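Engineer: What follows is a single structure, and I will ask about it in a moment.
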Amino acid sequence: MASSSAVGKLSREEFRRQKDLDAARKAGTAPAALDEEGRPINPHIPQYISQAPWYLDTGAPSLSHQRRPFDDRSADKLDNWYDRGAKAGPAAKKYRKGACENCGAMTHKKQDCLERPRKKGAKFTNRNIQADEIIHDVATGFDAKRDRWNGYDPAEHKKIYEEYEAVEAARQKLREEEIDNQTTTDLAAVRKLAKAGKKEGKEADPDFGSSDEEDADDDKYADAADAVGQKLDTKTRITVRNLRIREDTAKYLINLDPESAYYDPKTRSMRDAPMKNVPAEEAKFAGDNFFRFSGEAPEVQELQLFAWQAAARGNDVHLNANPTQGQLLHHEFKEKKEMMKDVNKVSILAKYGGEEYLEHVPRELINGQTENYVEYSRTGHVIKGKERAKTRSKYPEDVYVNNHTYVWGSWYDLSSSTWGYACCHSTIHISYCAGEAGKEATQASTAQALLASSQAQSEPSAQDNEVRARIEQNYSKKRVGEGDVSLDKDRLAEAISEEKKRKVRGDKDDDRSSKKMKGLQSSSHDVTEEELEAYRMTRRNAEDPMANYVDSEDVYTR
């Protein structure tokens, strides 16, 4: 099968001939294509397998790109062994120039030295100079270079094993001697007991041991017995979990409701109680969590937690290795903890005081009934008896400062949303009381009072009224003589804005306004129709009941 890159872009006729040839090869009427080695190529192989990629294309039909290339990696074998750590002859007597400054060997530098770093190197002391290592010329590959056991001599392990066997043999011999000595002691004790029994008239056979020995034998054989529910191999110390005891009811058969407690078949555990409406004390099985948190299980958990925490702090405590020691230390720890709690309490009370607040009144007296009888009228006044005293806070009450007759926070100003004193309406904390004068000053400084004063000040004077009357008279004459006057909207809007600005300025530009009026009276300037209309539109009528309300446009301009 020819490669598409070798053929290039085929014409329509060549493409049709190629298709016919492929069909004939698949039908068996035409011979199959041959690769570079002369082997036939199966015509039924798909094109995405038979067609080589552009970086492996040879220009001829081939399947070599699908075969694993032959690579001679004989030098990259893991069994290329070299003698690790071999030394080249005896060590030198003096330090040589260019050698390692730490150990004195010529085959490496100080930064590559594997010896322990010395306080003073061999370069300065000329002592304990190490021999040179043998540099092995072994071509190692990726795996061989990272093989941690390459160069290891198995004979070294044989030496370690022989030493271990010798230690074990000596230990076994020592154990046998201890057993022999103990047996001799036991036989002597049995003979003494037999003699004592003969004196008392009882027969004692020295061939049989005492009841203590029988108990010891029972304990020895009890170790080899299987526990209930598991099989223990005493030689290998491996526990094999068996199924439950056949006489017991399975956990999943206690309650057949699928919505009951979940049963995990892998661990054979059911944490919740299968019968939740039955008390735990009366139920056959109350769940694994009940056994986990009942009886002495919480105490064991506390003991285990104490052992872990003590071991984390550097103490030699292990619950399984020495449980008695752990339990005694835990008991001692709890006693010290209670004692330290009492000592801290006494020291804190001695330093800061307040012991009288820790003495509580008994609850039965707090919530109990009393003999105090109080009778009230319809208006809420006390007719008979003594009224209960009001509960007072820890803060000082009814304490007046700076001549005030009311406390701070007894008055609230709605305009500024602040608290103050009700006696003088002052909103400044710890200020001096001004009495009724302070109230009047506060009232005068409100926004409504300032707005009323500004309106009063903005009313035109007598001279202004006279001038504006003349202007209106002239305007009326013009209207009578000329009829309806057309106003320019742009000039009218400009005149209205100027008139509003003049009113907003008020007293600030009073002198400037008077000068303008004098200049207007003395000059021959005529007021335009737009200015008259703006004045008329912005004039405020005092008799209007809505005159005190300021529209949004005036507020915005102000």
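Engineer: Any chance region 145-156 includes a residue that's surrounded by 10 or more Cβ atoms within 10 Å (Cβ to Cβ), at pLDDT 75 or above and touching a Leu at 6+ places or on another chain (Cβ under 9 Å)?
Structural biologist: yes
Engineer: Taking only region 119-144 into account, find how many residues are basic (Lys, Arg) and buried (at least 17 other Cβ atoms within 10 Å of the Cβ).
Structural biologist: Result for region 119-144: 1.
Engineer: Let me ask you something else. With the checklist (1) open to solvent by 40 Å² or more (accessible area, probe 1.4 Å); (2) in contact (Cβ under 8 Å) with a residue 24 or more places away in the chain; (3) over 31 Å from the mean Cα position of the chain (by Cα) in hand, flag the one item Glu302 doesn't pass.
Structural biologist: (3)
Engineer: Please pick out the residue among Gly314, Gly295 that is farther than 25 Å from Arg271 by Cβ, part of a loop (DSSP other than H, G, I, E, B) and open to solvent by less than 90 Å² (accessible area, probe 1.4 Å).
Structural biologist: Residue meeting the stated conditions: Gly314.
Engineer: Is region 326-342 home to any residue that is aliphatic (A, V, I, L, M), in a helix (DSSP H, G or I) and exposed (fewer than 10 other Cβ atoms within 10 Å of the Cβ)?
Structural biologist: Checked region 326-342: no residue is aliphatic (A, V, I, L, M), in a helix (DSSP H, G or I) and exposed (fewer than 10 other Cβ atoms within 10 Å of the Cβ).
Engineer: I've got another one for you. Examine region 28-35 for a residue that is on the phi > 0 side of the Ramachandran plot and either in a loop (DSSP other than H, G, I, E, B) or free of Cβ contacts under 8 Å to residues at least 40 places away in the same chain (or both), and state whether such a residue exists.
Structural biologist: yes
Engineer: Here's something else I'd like to know. Mind checking which pairs have a first residue in region 335-350 that is more than 21 Å from Phe306 (Cβ to Cβ) and a second that is part of a helix (DSSP H, G or I) and open to solvent by 100 Å² or more (accessible area, probe 1.4 Å), Cβ under 7 Å, 6 or more apart or different chains?
Structural biologist: These pairs meet every condition: Leu349/Glu355.
Engineer: OK, next. How many residues does region 82-112 hold that are touching a Phe, Trp or Tyr at 6+ places or on another chain (Cβ under 7 Å) and open to solvent by less than 80 Å² (accessible area, probe 1.4 Å)?
Structural biologist: Result for region 82-112: 1.
Engineer: Find all pairs meeting these conditions: Cβ atoms under 6 angstrom apart; at least six residues apart or on different chains; first residue within region 112-130 and on the phi < 0 side of the Ramachandran plot; second residue part of a loop (DSSP other than H, G, I, E, B) and hydroxyl-bearing (Ser, Thr, Tyr).
Structural biologist: Partner pairs satisfying both residue conditions: Ala122/Tyr95; Lys123/Tyr95.
Engineer: When residues of region 133-150 are filtered for being touching a strand residue (DSSP E or B) at 6+ places or on another chain (Cβ under 8 Å) and in a loop (DSSP other than H, G, I, E, B), how many remain?
Structural biologist: Count: 1.
The values are calculated or read from the model by the stated rules, or taken from the named source; none is laboratory data. Source: prediction; values computed, not measured. Because the Cβ atoms are built from the backbone with ideal geometry, glycine has one as well, and the counts that use them run over all protein chains shown. Only protein heavy atoms, including side chains, enter the accessible area calculation; ligands, DNA and RNA are left aside. Shrake-Rupley method; radii C 1.70, N 1.55, O 1.52, S 1.80 Å.
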